[in-house]
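The next block holds one structure in the form of structure tokens; read it before the comments.
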Amino acid sequence: MRELPKGWVLASLGELLQGIETGKSFKCEERPPMHDEVGVVKVSAVTWGRYQELESKTCTDPERVNPALFIAAGDFLFSRANTIDLVGACVIAENVRRQIMLSDKILRFCFTDESHKYWVLNLLRSKAGRKQIEALSSGNQDSMRNIGQERIQQIEIPLPPRAEQTRIVGKLEELLSDLDAGVAELKAAQKKLVQYRQSLLKAAVEGALTAEWRQHNHPTETGAQLLERILAERRGRWEARQLAKFEAQGKAPPKDWQKKYPEPVRPDTADLPELPEGWMWASVDQLSEIQGGIQKQPSRAPVKNKFPFLRVANVARGRLKLDEVHEIELFSGELDRLTLLAGDVLIVEGNGSLTEIGRCAVWDGSIKDAVCQNHLIRVRPIGMEGRFLESWLNSLGGIEKLTKLAATTSGLYTLSVGKIAKVPVPVPPRVEQCKAIESLAEQLSGLELQEQSVGLALKQSAAQRQNILRTAFSGQLVPQDPDDEPASRLLERIRSAQQNHPLSGKRKKPVTRSSKETRC
């Protein structure tokens, strides 16, 4: 913290709190509760700046339901566990309509003086507050972080005189309200662009984008004929690999060895939309070679035979994110089998969010000898345009098929090579695939410029928010009044109130309150 303005003091968060309440771990169903059911809050409920009541699970253990843990309007909620960027996320609950209990990962702060809630909320959301939270939290830097109650109490809070605090909070509410309105408009525009992108993908993969082209062009090869050619090439590749194995082992091919060819899965065409003339449905399995990636293990720490290693973070929906590519050690003979080729489609097989499961992008070959992790599934098209296949999988139709196949364990949705193999794919003539992708690229180029513009505006809004908060907590947002009572006297009264609280002598740690005690 920089030097404090005149009349301010530095307090610890623990000095402003009379208690911290925590919930329990409950048996739950992974769905929000109905109005007559009891839920348990998830960390995502406090992630996005406002309390999201539907980000909760349904409690299936009625004997452990505790009304003292129900979240009420005005509660200050704090996430003690999350990623490094989100641990310590906090909200003040509004619009509480359901019976949602605290979990073991969401804490409720009970303030000695309720007027400090919005001051602390904004401080914890500022860069200065975030820096302290991240420094005090523990755990793996790349995954889950945790901040315990004793360390939460250590967070330093610059405290102005009460009257000045009231003026600053009032000005903050005014400025941030205007900023929030602008951000809401930008996010609405962003949502419309996402919808427009989906409409373009739908038009490309269902034939609307090439409808006029088809009226003047008649491909010599239909989708059905293309599939026949793909299936023949697929079988030919398998037979060539088998013969190579026999030769390497010094063995003659056994009798009827060709009969062991694993026939690809046929698509389930029930409830599929009608396709244009000359198109047909096929499965991903029929159109490609599918392979999983490799698991990162201590033995694969990059030392000598290190190669670029793509992770889930490198694959967005429809595009690659290659600003940070890790490395991994490969063993003898693995590179030929695992290396990615330009045109491969990389599909995310596991993600905490059902909306992100199955997102995919085409590998562009920009990094030589790259391989991918086991949470990415490589689909190598045979005689099919990788861009067309990726466009279908990222369209609403493809997303629907993938999400129906996804399984969940403890909230983590997963796909597999076998499940992706079953996904149906529309197959136009090859020449029409190329035309559809060409037209789609032209349309998307203008859309991407708009998306970049909105994204830049959102980043600028986030920077402006931090500028406002920095000004507020340096005492420069509103004029100071020399007649204001110094914050040191306010802090003395807070400390006195804590000491005289009826519960203060009953607890070894006065800032920790169990769920059995009266809630704040």
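The values are calculated or read from the model by the stated rules, or taken from the named source; none is laboratory data. Keep in mind that this is a model prediction, so the values were computed, not measured. Every residue, glycine as well, gets a Cβ built from its backbone with ideal geometry; the counts of neighbours run over all protein chains shown. When the accessible area is computed, the model is the full protein with side chains, heavy atoms only, and any ligands, DNA or RNA have been set aside. Shrake-Rupley method; radii C 1.70, N 1.55, O 1.52, S 1.80 Å.
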> Can you give the three extents of the C-alpha atoms in the chain along their principal axes, from longest to shortest, in whole Å?
Replying inline: 93, 53, 52
> How long is the gain from Glu400 to Gln154 if the chain were fully straight, where each residue apart is worth 0.36 nm and the alpha carbon distance is subtracted?
Replying inline: 83.8 nm
>> Using a probe radius of 1.4 Å on heavy atoms only, what accessible surface per residue do you get for the chain? Whole Å² is fine.
In response: 52 Å²
> About its Cα centre, how strong a charge dipole does the stretch 375-435 have in debye, to the nearest 20, once Lys and Arg get +1 and Asp and Glu get -1 at the Cβ?
Replying inline: 140 debye
>> Please report the spacing between the Cα centers of the stretch 172-186 and the stretch 1-72 in Å, no decimals.
In response: 25 Å
> Which peptide among 379-389, 149-159, 243-253 comes first, and what is the full order, when sorted by highest mean count of other Cβ atoms within 10 Å?
Replying inline: 379-389, 149-159, 243-253
>> Less than 12 Å Cβ to Cβ from Gly383, Lys/Arg counted +1 and Asp/Glu -1: what total charge do the surrounding residues give?
In response: 0
> In terms of the Cα gyration tensor, with a ≥ b ≥ c the square roots of its eigenvalues, is the stretch 203-243 rounded because a/c is under 1.5, prolate because a/b exceeds b/c, or oblate?
Replying inline: prolate
>> From the C-alpha coordinates alone, can you work out the Kirkwood hydrodynamic radius of the stretch 124-196, in Å?
In response: 15.7 Å
> Which lysines, on any chain, are close to Lys171 with Cα under 18 Å apart, when same-chain ones fewer than 8 places away are left out?
Replying inline: Lys117
> What is the Cα convex hull volume of the stretch 221-315 when expressed per residue in Å³?
Replying inline: 211 Å³
>> On a full-extension model of 0.36 nm per residue, what is the gain between Lys296 and Asp180, subtracting their alpha-carbon distance, rounded to one decimal in nm?
In response: 37.6 nm
>> Please give me, ordered by residue number, the chymotrypsin sites (Phe, Trp or Tyr not before Pro) of the stretch 40-71 that lie in loop per DSSP and have at most 12 other Cβ atoms within 10 Å.
In response: Trp48
> Once fully extended, how much extra length lies between Gln215 and Lys259, figured as 0.36 nm per residue of separation less the alpha-carbon to alpha-carbon distance?
Replying inline: 11.5 nm
> Counting pairs of Cα atoms in the stretch 1-154, how many percent are more than 21 Å apart?
Replying inline: 44 percent
> What residues from the stretch 329-343 fall in the zone where the backbone N is under 18 Å from a label point 7 Å along the Cα-to-C-beta line of Glu289?
Replying inline: 333-343
> Expressed as a whole number of Å, what is the distance separating the alpha-carbon centroids of the stretch 213-228 and the stretch 111-154?
Replying inline: 61 Å
>> Largest first, please: the extent of the C-alpha atoms of the stretch 98-239 along each principal axis, to the nearest Å.
In response: 82, 42, 33
>> Less than 14 Å Cβ to Cβ from Arg495, Lys/Arg counted +1 and Asp/Glu -1: what total charge do the surrounding residues give?
In response: -1
> Per the helix-only calculation at 222 nm, which mean residue ellipticity applies to the chain, given -39500 (n - 2.57) for every DSSP H run of n ≥ 4 and division by its residues, nearest 500 deg cm²/dmol?
Replying inline: -12000 deg cm²/dmol
> Between Ser496 and Thr471, what is the spin-label point distance in nm, taking each point 7 Å from the Cα along the Cα→C-beta axis?
Replying inline: 3.7 nm
>> Please report the spacing between the Cα centers of the stretch 246-260 and the stretch 311-345 in Å, no decimals.
In response: 33 Å
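Residues with beta-carbon under 14 Å from that of Ala421, excluding Ala421: net charge, scoring Lys, Arg +1 and Asp, Glu -1?
With Lys, Arg at +1 and Asp, Glu at -1, the neighbours total +2.
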> Hey, any idea what % of the chain's accessible area is carbon plus sulfur with a 1.4 Å probe?
Replying inline: 50 percent
> In the chain, what cysteines have no partner Cβ closer than 4.7 Å?
Replying inline: Cys28, Cys59, Cys90, Cys360, Cys372, Cys434
